[in-house]
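The structure appears below as structure tokens.
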Protein chains: 2
Amino acid sequence: VSATPNQRRAPRIHLQSSEHDVRIEIVTIGNEVLSGRTLDTNFAFLARALEAASVPVGWHTTVGDGLDRIAEGLSRALERADAVVMTGGLGPTPDDMTRKAVATVLGRPLQLDEHVLAHVRERARSRRTGKLLPAIESQALVPRGAQMWPNPLGTAPGLLIVEKGKPVILLPGVPQEMEALATEHVVPYLRERTGLHVACFTLRTAGAYESLLHEKIASVPNGWPGASLAYLPSYFGVDLRVTVSGEDAAQVEAVAERAYEELRACVAPVIYAEGEHRIEEVVGEALAARGWRIAVAESCTGGLLAKRITDVGGSSAWFDAGFVTYANAVKVAELGVREADLAAHGAVSAPVAEQMAEGARRAAGAHVGVAITGVAGPAGGSEEKPVGTVFIAVVTPDVAAVRAFRFHGTRASIRERSAQMALDLARRAIQKLPLEAKLE
Amino acid sequence: VSATPNQRRAPRIHLQSSEHDVRIEIVTIGNEVLSGRTLDTNFAFLARALEAASVPVGWHTTVGDGLDRIAEGLSRALERADAVVMTGGLGPTPDDMTRKAVATVLGRPLQLDEHVLAHVRERARSRRTGKLLPAIESQALVPRGAQMWPNPLGTAPGLLIVEKGKPVILLPGVPQEMEALATEHVVPYLRERTGLHVACFTLRTAGAYESLLHEKIASVPNGWPGASLAYLPSYFGVDLRVTVSGEDAAQVEAVAERAYEELRACVAPVIYAEGEHRIEEVVGEALAARGWRIAVAESCTGGLLAKRITDVGGSSAWFDAGFVTYANAVKVAELGVREADLAAHGAVSAPVAEQMAEGARRAAGAHVGVAITGVAGPAGGSEEKPVGTVFIAVVTPDVAAVRAFRFHGTRASIRERSAQMALDLARRAIQKLPLEAKLE
């Protein structure tokens, strides 16, 4: 991470423009997605990449693997959309039906394409097996007139067919392959066919309910012509996302600038980041800015806090060590938690959280220590300390504090919220801000 | 986790049947989903819950927050589906348009419902603020004739409108609230209106490419009438999912039984679990069965391995401690890694992986130690040890081993694959299986 907090703040409003007007439908193909067993991260990636390039996605549809379902999905999409992007069903196995369905709907019979065959063979050879499996060659049968975008990571290439002026784009379903093809070819290609001036920005908040934010913001957005404000709640807090669009680039930009200042003024004390900046990145940058290093100790989050800090590339510059101390004996041996306090207050208590944070900091020789101890459930709750009771402690060269929370939800959501609030507390302590979020 | 491995294996085939034939369309509402910023976990949850109840989901569509878009989405869904479930847009803020759009399409004007109002008021009071915000009361305006399902976790209730015999169901977009309403009301309600005999099972594999699995399985599925086999690749390996459907319950069950035996025979050495059973659960059960406890040490995965082991409720019964040792000094101080080996072989090496596993085991007083050290990128690679180079070590009372991997992909995918292969290696060592997956 090279940017300082101030550099990150500068390009806060994302502004783009272009010439024509194209509205996209994305069609996901696959029983595994339709059954809910596989999350459709391909769609999310494509939609974000297209939005960032100001290409508006109008619809998203998911259909099963069957020939008829894929054909119906494409036919309906061609009725309303100006371009169609389909993902999935291009692989070598018999349940991969997309090329056949597209050939049927567009009346373009499948033909063996020598360029695609050469690409498929080359890609298959570079794999570890060294073997060329006959099924893989079937991927070179493509609808007549299809143009190929080579797949740098797999055997199924991206295909482009322009049918009566409408692009129909086929991409493999393997995420890395789809992402590489989308970034290199699909987004730039569709970018050239779009047109609207769009500006957008996101303010990310933690520690305040959606309804409280709404009360604070009230009717302020009524003064922003062409703008929409969305409240996006998640385990991480509530993101406030403003999108301004219109035909006049200067006005779009002016409205976005005003909206940005006014919205910030409403909710400043609970904003932890802007755009897609994550709180673990903010914490990393804050540590780097001070030249500090961090160590963490976790009980109920079981490694999630360390995992999130080290999700950030280059985090070895500010992260020293994490201690996942489930057993009480390990809390004593590794972190120096006092057995008397474990006995008197229990492992889920303010004194133990404080001693864990201090112990992690001392054991790793770090500047900052953060600790989480709590009851994530489903078992382990008591009347005094029900499931969701969590203590979070932070210690820096300037300050030491512990806060108590009572989270609701599942084991997974309690763990996620605990890690998020620990990161927010660390951020506040490192940046020398008030340790408690207060809107007023 | 109370089930032993053998108990888990028994209900391997999921078999269900019912009376009528209904095909569902799920419509997700929200710019934040259409923009790709929010993953549509609501859809995935609903689809899985409905599939488990043998209610076939035929289509999934995502539309933006606008009144026209929601109305168009509902109109199109009513054309082809027998029931429509819509999620999102029921909240108290002005971008929540679903009730209004549904009222327009169905010609059922919004009316204040006293029962819903009472529910909304009661739910709002139980929140921490104690305050009743006027916007929240707007949630009691519902399309004429709507029936309410109370929301146990929030203010927006689920709504059911039966329009010309077709159920239209509206659910809030907040995941926990949607999930509670779906489980308690929506699935049982739709379950009563469905009909097909369906049997399905999943075999989960790790360590073999999709194309190699396909070569081993070849034409075996041709002998399974009414069955489909899907290959579902992910960071965790390849899931093989078989679905058998038909009008004759006995035949469906017989085909599923045969398919199960034949598919297992093809790929037995790489199967780590069945159904939705996760490898961290398998590892936990294997440890519990032996009465063993585990400790882990991680470098490049930064806590992910400990996090996955402790994702399992009750894991304190077999998990003692995790050490996230990023800094070399911490590897030496906490795990007893020899400085000479760090100097001679580097932190990413087989000897250091072995010493980390042994050190974690010793420090925690556990039976099993597992360690990961590698280069997750994006920086830190060299010619000799490029990004993706990972060493994984395991030590148990019976065996000690270290394996070298070269993963491809992003920082996130390298970390996920590393944790998965560490769990698979641990599983094999604890269950006293061959440590290397070999298909032949």
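Observations, loosely collected:
- Charges were assigned to the Cβ only: +1 to each Lys and Arg, -1 to each Asp and Glu. The resulting dipole of the protein assembly as shown about its Cα centre is roughly 1160 debye.
- Here the average projected area of the convex hull drawn through the C-alpha atoms of region B:186-338 stands at 13.2 nm².
- When region A:309-416 is reduced to its Cα atoms, the Kirkwood hydrodynamic radius in Å: 14.5
- Under conditions of 10 °C and 1.306 mPa s, region B:65-117 yields 134 µm² s⁻¹ as its translational diffusion coefficient, taking Rh as the Kirkwood radius over Cα pairs in the Stokes-Einstein equation.
- Charge dipole of the protein assembly as shown about the Cα centre (unit charges at C-beta), most positive-ward option of B:Ser35, B:Ile430, A:Ala49: B:Ile430
- Cα-based reach from B:Lys432 at 15 Å (exclusive), listing aspartates and glutamates while leaving out same-chain residues under 8 positions away: B:Glu285, B:Asp398, B:Asp424
- Buried surface for the A/B pair, taken as the accessible area of each chain alone minus that of the pair with a 1.4 Å probe, is close to 6900 Å² in total.
- Fluctuation leader among A:Gly91, A:Gly381, A:Gly237 - chain A, Gaussian network, Cα springs under 10 angstrom: A:Gly381
- From the largest down, chain A spans 78, 58, 42 angstrom on the principal axes of its Cα atoms.
- Only helical runs count toward this figure. For chain B, summing -39,500 (n - 2.57) over DSSP H runs of n ≥ 4 and dividing by all residues gives -11000 deg cm²/dmol at 222 nm.
- Cα pair distances exceeding 46 angstrom across the protein assembly as shown, given as percent: 26
- For q = 0.15, 0.25 Å⁻¹, Debye-computed log10 I/I(0) when each Cα of region B:34-110 counts as one equal scatterer: -0.57, -1.30
- Shielding by partners - mean other protein chain Cβ count within 10 Å, residues of B:66-74: 1
- Virtual spin-label span in nm between B:Arg338 and A:Asp398, 7 Å along Cα→Cβ: 4.5
- Selection among B:Ala180, B:Val255, A:Gly291 by position relative to the dipole of the protein assembly as shown gives A:Gly291 as farthest towards the positive end (Cβ unit charges, Cα centre).
- Based on the Kirkwood approach, the hydrodynamic radius assigned to region B:307-364 is 12.2 Å, with every pair of different Cα atoms included.
- Probe 1.4 Å, accessible area per residue of region A:158-278, Å²: 39
- Kyte-Doolittle mean at least 0.0, axial Cα span of 24 Å or more - DSSP H helices of chain A: A:249-267
- The rotation axis that maps chain B onto chain A passes nearest to the beta carbon of this chain B residue, listed with its distance in whole angstrom: B:Gly303, 2.
- Residue by residue, region A:220-228 carries 3J(HN,Hα) couplings of 3, x, 4, x, 10, x, x, 10, 10 Hz when phi is fed to the Karplus relation 6.51 cos²θ - 1.76 cosθ + 1.60 (θ = phi - 60°); x denotes Gly or Pro.
- Accessible-area composition of chain A, carbon plus sulfur, in percent [1.4 Å probe]: 52
- Charge dipole (Cα centre; +1 on Lys/Arg Cβ, -1 on Asp/Glu Cβ; no other charges) of region A:294-407 amounts to roughly 160 debye.
- Residues of type lysines that A:Lys331 reaches as a straight line, Cα spacing below 26 Å, ignoring anything fewer than 8 places off in the same chain: A:Lys307, A:Lys385, B:Lys307, B:Lys331
- Averaged over the residues of peptide A:291-304, the number of Cβ atoms from other protein chains lying within 10 Å of each residue's Cβ is 4.
- Restricted to Cα atoms, region A:151-250 shows a radius of gyration and a Dmax of 19.5, 53 angstrom.
- Under 5 Å between amide hydrogens, built in the peptide plane, is the criterion, and for B:Lys385 it picks out nothing among residues at least 5 positions away or on other chains.
- For A:Lys166 and B:His408, a Förster radius of 45 Å and the Cβ-Cβ distance give a FRET efficiency of 0.80, rounded to the nearest 0.05.
- Options A:Leu74, A:Gln420, B:Pro157, ranked by Cα towards positive dipole end of the protein assembly as shown, top entry (Cβ charges): A:Gln420
- Of all DSSP beta bridges in the protein assembly as shown, antiparallel share, percent nearest 5: 65
- Size of electric dipole in region B:289-358: Cβ of Lys, Arg +1 and of Asp, Glu -1, about Cα centre, debye, nearest 20: 220
- In chain B, the DSSP beta bridges split such that about 65 percent are antiparallel, to the nearest 5.
- For region B:28-48, residues shielded by at least 50 square angstrom of accessible area compared with the chain on its own, probe 1.4 Å: B:Leu34, B:Ser35, B:Gly36, B:Arg37, B:Leu39, B:Arg48
- All C-alpha to C-alpha distances of region A:19-79, sorted into 10 Å bins beginning at zero, yield P(r) values of 22, 47, 28, 4 percent in whole numbers.
- Here region B:367-440 was treated as a single set of alpha-carbon atoms; its pair distances binned every 5 Å from 0 give 3, 17, 26, 20, 16, 11, 6, 1 percent.
- Annotation for A:Arg48 and B:Ala329: the two label points, set 7 Å from Cα along the Cα-Cβ direction, are 3.6 nm apart.
- Mean per-residue shielding of peptide A:140-151 is 0, counting Cβ atoms of other chains within 10 Å of each Cβ.
- Surface/4 estimate of mean projected area, convex hull on alpha-carbon atoms of region B:81-190, nm²: 6.6
- Lysines whose Cα lies under 22 Å from that of A:Lys438, excluding same-chain neighbours fewer than 8 positions away: A:Lys216, B:Lys131
The values are calculated or read from the model by the stated rules, or taken from the named source; none is laboratory data. Predicted model only: the values in this text are computed from it and were never measured. Cβ atoms come from the backbone with ideal geometry, glycine included; neighbour counts cover every protein chain shown. Surface accessibility is based on the protein's heavy atoms, side chains included, excluding ligands, DNA and RNA. Shrake-Rupley method; radii C 1.70, N 1.55, O 1.52, S 1.80 Å.
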